[in-house]
Structure formats: C-alpha cells, structure tokens
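The values are calculated or read from the model by the stated rules, or taken from the named source; none is laboratory data. None of the values given here were measured: they were computed from a predicted structure. All Cβ positions, glycine included, derive from the backbone under ideal geometry; neighbour counts span all protein chains shown. Heads up: the accessible areas ignore ligands, DNA and RNA and are worked out on the full protein's heavy atoms, side chains in. Shrake-Rupley method; radii C 1.70, N 1.55, O 1.52, S 1.80 Å.
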Amino acid sequence: MRCLEFPSDYVEKRGASPWLCTRKAMAVADMLLMQRSNEAMAGFRDIVMARGVEVTEEEKQRFFSSSEGSDVEAHMKEEGRVNGPYLKLPTIVFQQALCREFYRCEQVLGEAAATLFKKYDYNSNGMQEYHELCDAVKQLQSE
C-alpha cells in the first residue's frame, strides 16, 4: 500500500496507521477486485468514501501538487477528469474494507459457479465429467 500512502512523516503519532489517498486506493481496489457490476463498485466506493476524512487546504497544497508546482485539481479539470473530493483514510480501514469486499465477491462467484456446475451436471452425480465441462464452456462462449 506504499504507493497510496501519504509520506511517512505525515503519521500523526508513532504507531498510528498511515493515511492513504482514497482516489488512488479506489483505483487499486478496482484493479485487484477485477471487473464488477457498476452497483457493486458503487457500493464499495460509497463505503470507502463514507469513512474518508476530507483533507485540509494545507494538506492539499502539500500532498496534491504536481512536480511543476501547479495544483493537481486544476490540471485534472483542464483534462475533464473530476474524481470527487480529496479524502484521506487510515490504511488499516481501507485494507479491512478491501478484504470484506473481496470476501463478498468470492461468495457471489462461488454461488454462481455452483449454479453453473449444477446446470451442466447431466447425470446428477455431483461431479463434472470432461464432456460436461466441454459442453458448459462451449455454451458459455456462445452466450
């Protein structure tokens, strides 16, 4: 999570969880959790954003400026990209939310896989034989 965290000198007290940028965190989460429905992505994003704390103007100037010294937000607006408010979040809170979302996605995938296997278990023996699996793959590819 180092690429998402504020600089190490930003930690408010020794031993505290470092803060991270929610914008970067959401981009990383979307890559790790792979393609999901818009509703699923929005639900996770809402949870993370609800726990985020808005950064102060001083923090914005210190941590959210480009190497040329121009304001990143102004640069993003020029390019037509707006990602909502600047928020920070303790790393541990994001990691916990990410783990819960991964577990939820795993459960949904497991239920879907069980339904698919049952659909293509022609002889109802609870096992996928090679020809059944081939038929399932062909059918899924054609859909």
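Cβ separations smaller than 9 Å between residues 6+ apart or across chains give the following pairs from segment 116-127 residues that are farther than 14 Å from Leu140 by Cβ and without any contact (Cβ under 8 Å) to a residue 60 or more places away in the chain to residues that are among the charged types (D, E, K, R) and part of a loop (DSSP other than H, G, I, E, B): Asp121/Glu129; Tyr122/Glu129; Asn123/Glu129; Met127/Asp121.
Residue-by-condition table, conditions (1) modelled with pLDDT under 85; (2) over 30 Å from Cys21 (Cα atoms); (3) not in a helix (DSSP H, G or I):
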| residue | (1), (2), (3) |
| --- | --- |
| Arg62 | yes, no, no |
| Ser67 | yes, no, yes |
| Phe102 | no, no, no |
| Cys105 | no, no, no |
| Val108 | no, no, no |
| Phe117 | yes, yes, no |
| Asn125 | yes, yes, yes |
| Gln141 | yes, yes, no |
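Does segment 85-98 contain at least one residue that is at pLDDT 85 or above, open to solvent by 60 Å² or more (accessible area, probe 1.4 Å) and closer than 25 Å to Leu109 by Cβ? Yes, because at least one residue in segment 85-98 is at pLDDT 85 or above, open to solvent by 60 Å² or more (accessible area, probe 1.4 Å) and closer than 25 Å to Leu109 by Cβ. Could you list, ordered by first residue, the pairs with Cβ atoms under 7 Å in which the first is in segment 97-113 and within 15 Å of Ser37 (Cβ to Cβ) and the second is open to solvent by less than 100 Å² (accessible area, probe 1.4 Å) and outside any helix (DSSP H, G or I), at least 6 apart or interchain? That search, which allows pairs on different chains as well, returns Cys105/Arg36.
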